[in-house]
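Have a look at the structure below before the remarks.
The values are calculated or read from the model by the stated rules, or taken from the named source; none is laboratory data. Computed from a predicted structure; not experimentally measured. Cβ placement follows ideal geometry from the backbone for every residue including glycine, while neighbour counts extend to all protein chains displayed. Protein only, heavy atoms only, side chains kept; ligands, DNA and RNA dropped before computing areas. Shrake-Rupley method; radii C 1.70, N 1.55, O 1.52, S 1.80 Å.
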Amino acid sequence: MLGSFIDAVSWDDAVGRLVQWGERRESRYVCICNVHSVVTATQDAAFRTVLDEADMATPDGAPVAWALRRAGFAGQERINGPDLMWRYLAEAERRGQVVFFYGGTEDTLAKLQASLLRAFPRLRIGGLVSPPFRPLSAEEDEAYARQINAAGTAVLFVGIGCPKQEKWMAAHRGRIQAVMVGVGAAFDYHAGTIRRAPTWMQRCGLEWFHRLLSEPRRLWKRYLVTNSIFVMRMLPWLLSRRPVARNR
């Protein structure tokens, strides 16, 4: 889509891959791709390579899912980070898989842990790390990797924002023996520090608008500018109907 590969997958497929890869503790990474991700990939060659080399790139953002439906993948749903995380955690609790969380503030992680254990009391949480916002030293980075691996992590959720989290995951494939999933604001949603859009807005493709109203100064460019770019650049495809997705 706009030059980047997006996987056409169902919820069962997406969760199933996390479970299977996590069971074997395979070093893989998953990108959750919304309009911002797809447009950023057209402007940042390194980020585009990260998306293309992901083990799975799911269609987050209603416009991305709609485009896949128009490309012939009828019924393609929006596979978003917060819901993918929640659905997988239910399976992780049932199967005893260890999960780890990297990103967010100490306060957010404390609230997230409490929220998760209320919902999944038998969930095995290997750890929660709030890395500093500054660049890490090589020694700090290696210490975090060792901590994640030593916990027996099956799936590592990474919440440090796009495109930083995707580049971080790509750089750590082969070093972290777990499936890494970039979930953006999911930590804040599940911790309750940011209110998520009502279900009806999510179903109508208006979750981005709810976030824009919640944080207009920070997000106006991301949503208004990138959404406009996405529509303009997708118009030629909408007229030609060239393929935009692949199954892996």
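Quick look at the values:
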{"read-out": "Computed lengthening from Asp13 to Lys164, 0.36 nm per intervening residue step minus Cα-Cα distance", "value": "51.8 nm"}
{"read-out": "Positive minus negative residues near Leu84 (Lys, Arg vs Asp, Glu; Cβ under 12 Å)", "value": "-3"}
{"read-out": "Radius ratio Rg over Rh of the stretch 37-176, counting only Cα atoms, Kirkwood formula for Rh", "value": "0.98"}
{"read-out": "Nitroxide proxy distance, nm - points 7 Å out along Cα→Cβ at Arg87 and Thr193", "value": "2.6"}
{"read-out": "Carbon/sulfur fraction of accessible area - the stretch 1-106, other protein chains in place, 1.4 Å, %", "value": "45"}
{"read-out": "Ala74-Thr105 FRET efficiency (beta carbon distance; Förster radius 41 Å; 0.05 resolution)", "value": "0.50"}
{"read-out": "Kirkwood-based Rg to Rh ratio, the stretch 94-154, C-alpha trace", "value": "1.01"}
{"read-out": "Sites Trp66 and Glu140, calculated FRET efficiency, Cβ-Cβ separation with R0 45 Å, nearest 0.05", "value": "0.60"}
{"read-out": "Rounded Å value of the spacing that divides the Cα centres of the stretch 134-152 and the stretch 58-75", "value": "36"}
{"read-out": "Order by protection proxy (mean Cβ within 10 Å, highest first), peptides 84-96, 144-156", "value": "144-156, 84-96"}
{"read-out": "Equivalent ellipsoid semi-axes, the stretch 38-98, via Cα gyration tensor eigenvalues times 5, rooted, Å", "value": "25, 18, 9"}
{"read-out": "Solvent-accessible area per residue for the stretch 75-139 (1.4 angstrom probe, square angstrom)", "value": "49"}
